[in-house]
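None of the figures in this text is laboratory data; all of them are computed from the coordinates on show. Just so it is clear, the model here is predicted, and its values are computed rather than measured. Positions of Cβ are generated from backbone atoms using ideal geometry, with glycine treated the same way; all protein chains shown enter the neighbour counts.
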Amino acid sequence: MVGKVKVEKSTRFAFWINRICRQVFPGIAIFYHLTRIGQNPLITAVILVGVWSCTSHKEGSEIDKLPIYQTDQFRLIPGEKLEYQANAGVFNVGNLTLSVLEKMEGCGGKVCAHIQAKAATRSGISWLSQIHHAWDSWIDTSSGLSKRMLRNVQENKYHAEQELWFFPDSNLIVQTELHKSGKPQKNFDSQPYRMIDLVNAIWKIRYTPFEDHVKGDTLQYASFFDGEWLVMKLRFGGSGVLKSKGKRVDCFVLYPLGISSKFLRGQEPSEIWIEKATARRPLRVKVSTYFGNLSIDLKNSL
C-alpha cells in the first residue's frame, strides 16, 4: 500500500501564487494594453459588446463599392435590458448595459425607438484606467434608419460629447461637437440606407436571418461613427453550442474579420455567440490576445 505523500506548506503556497500570477496578472495586462490602444475603433467595439470590431474605414465613393447587408424590418423588444460583464482572464474589468426604453418617442417628426448603451470600467480598477461610455440612439422604426444619436465618452483624460442628426430626405448627416467651444458642426453627405449609428448596427447584426446563410459566408455592415463610415465584416461560422449559466444554448457563431492589432492572437482573434432563440441575444464575445483572453458575457436579461 502506497502511503499519502505529504505536501509541504511552502510547496502549496508556491502553487497558489503561481496560479494567481497565471490567471490574474495576464488579465490585468490584457486590459491595460487594450486601454493603451488609444481612440482605436477596437476599444469602442469591445465596449459595445465587441461585435462591432471594424475592419477598416471607408469614406465617400469607396464605401459605395461595398455590398452592405440590409435588413427589411427593424426589430426590437420594448423594455429589454441586457447586462454584460467584461473579464480579462478571471479579472472583472467592467460592465455594459443595453436598454430598450419601453415607450416609443417622437424624434425629428418620426416615431422612434430609444436604445441606451452604457459601459464603464469597474470602480475597483480606477487606478489602472477609467472608461465611461454613454450612448443614446433614436431609430426610426418604420425605416430602421438612425434619426439621432448622443455620445458621451470619458477615457482617462480624453473626453468627447457628440450629437448626430440623420436627414435621409436630404442625404445629410450633421455632427455637433458638444464638448468643444462654440459647438462646431460638420456636415457629411450620405445615402439614406447608410445612416446607421453603432448602436443601431448592433441590432441589425443581431437580427440578421442567419438561417438563410451557409457556413463561410461573409456579411458586411456599414455604420457611421465620429465622421467616418466603419465597415464591419463578419464571417458566418455556422451553428455552435455555448455553455451559459449552466445550460447548453444553441447559437450562431460569427467571426469579425480584418481586426489588426499587435496584441491580438490568431487570424480570427474574435468570436461572437448569438442565441438562436427568437430574442437573438448576444451571449458572448471573446477576443484572444497574446496576454490571454478578453470575454464579454451576458449576466442578466430583463
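Quick notes
- Förster radius 35 Å - calculated FRET efficiency between Thr218 and Ser170, Cβ distance, rounded to 0.05: 0.60
- Among the trypsin sites (Lys or Arg not before Pro) found in the stretch 196-301, those both in a DSSP coil and sparsely packed, with 16 or fewer other Cβ atoms within 10 Å of their Cβ, are Lys215, Lys245, Lys262, Arg265, Lys276.
- The stretch 136-214 and the stretch 236-285 have Cα centres spaced 25 Å apart.
- Net charge of neighbours whose Cβ lies under 15 Å from the Cβ of Met104, counting Lys and Arg as +1 and Asp and Glu as -1: 0
- Label-point separation, Lys276 to Thr97 (7 Å along Cα→Cβ), nm: 3.3
- With neighbours defined as other Cβ atoms within 10 Å of a residue's Cβ, the residues Leu96, Leu178, Leu302 order from fewest to most as Leu302, Leu178, Leu96.
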